[in-house]
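Laboratory data are not the source of any read-out in this text; all were calculated from the coordinates shown. Note that the structure is a prediction, hence the values are computed from the model and not measured. Glycine gets a Cβ as well: all are built from the backbone with ideal geometry, and neighbour counts include every protein chain shown.
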């Protein structure tokens with residue numbers, strides 16, 4: 001599997017900013033695997049036979065990797081990016097991701113920009129070559145086809161495709177009859193049903209300043225997903241500044257400010273993934289305002305003057321914090 005996450009100039013940093021908190025009252029089995037340069041995990045009732053999902057998940061993720069990994073020259077997205085101006089057919093999964101990414105770009109007032117892959121690469125993250133800042137308008141989409149305004153226009157799926165993969169994995173598990181399952185794909189999580197002891201699944205948000213323990217714990221209701229974006233897991237320190245892998249489209253530079261991480265709760269893992277990226281790019285002031293405007297359930301962790309963290313919640317996030 002190839003890595004969908006940006007590689008920093010100091011090497012790949014850890015991917016997960018959230019992880020499951022399992023209970024002790026009922027036995028829970030854990031199953032793990034590898035995909036997209038990270039790991040996936042399942043937590044399920046001990047007698048649910050979730051181990052049978054391993055080959056199905058491996059095949060599913062391998063197929064998505066062939067479509068959407070910009071680290072593979074033979075992937076569908078790499079062929080699209082290397083192609084000339086004009087229309088290009090794309091397979092169904094990639095088509096869905098491109099459509100969702102362009103919709104999110106419009107809904108976020110450009111804070112999510114999937115055409116910035118070459119600019120991301122110039123800051124030390126990612127393999128995509130092309131025009132540095134063409135803007136989403138340089139891609140015209142209709143289901144099954146993308147038209148590039150110029151040959152150098154590219155599409156970067158890294159801010160949203162892992163959420164798509166998590167949604168697909170949940171659909172597969174539910175189709176096979178699983179009613180109690182927590183799926184963790186590189187720190188993005190989706191709940192199917194409830195924990196075996198009858199409560200909601202619980203997940204912890206990592207402390208983004210590198211200290212031990214969790215910054216927050218939240219319950220993850222059935223059918224909901226959670227994703228976190230931040231500067232701690234992927235980035236590098238240089239010249240007294242933390243350089244994030246998330247680029248602010250407004251400046252063309254890594255996002256800066258007091259914001260350390262954003263966690264988004266949604267019934268779609270793909271939406272949670274993309275919005276976490278968009279809100280982090282928007283920053284400590286505009287991010288919460290954008291989340292409130294869009295009615296998003298989000299948790300913002302910001303540097304507190306004098307040390308420590310300040311918490312800001314929007315939408316229904318406050319209702320699921322423990």
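Can you bin segment 95-135 into rounded, prolate or oblate? Criterion: square roots of the alpha carbon gyration tensor eigenvalues sorted a ≥ b ≥ c, rounded for a/c under 1.5, prolate for a/b above b/c, oblate for the rest. Prolate, since a/c reaches 1.5 and a/b exceeds b/c.
Normalising the average separation of contacting C-alpha pairs (under 8 angstrom, six or more residues apart) by the number of residues puts the relative contact order of the chain at 18 percent. With the alpha-carbon atoms of segment 39-86 aligned to their principal axes, the span from lowest to highest coordinate is 53, 16, 15 Å, starting with the largest.
Here segment 89-214 is treated as a sphere whose radius is the Kirkwood value from Cα pairs; by Stokes-Einstein at 4 °C and 1.567 mPa s it diffuses with a coefficient of 76 µm²/s.
Sorting the segments 154-167, 85-98, 105-118, 32-45 by their residues' average number of neighbouring beta-carbon atoms within 10 angstrom, most packed first, yields 154-167, 105-118, 32-45, 85-98. Comparing Cα centroids, segment 147-210 and segment 244-284 end up 16 angstrom apart. Placing dummy labels 7 Å off each Cα toward the beta-carbon, the span from residue 285 to residue 211 is 2.7 nm. From largest to smallest, the equivalent ellipsoid semi-axes obtained for segment 97-161 from the alpha-carbon gyration tensor read 18, 14, 10 Å.
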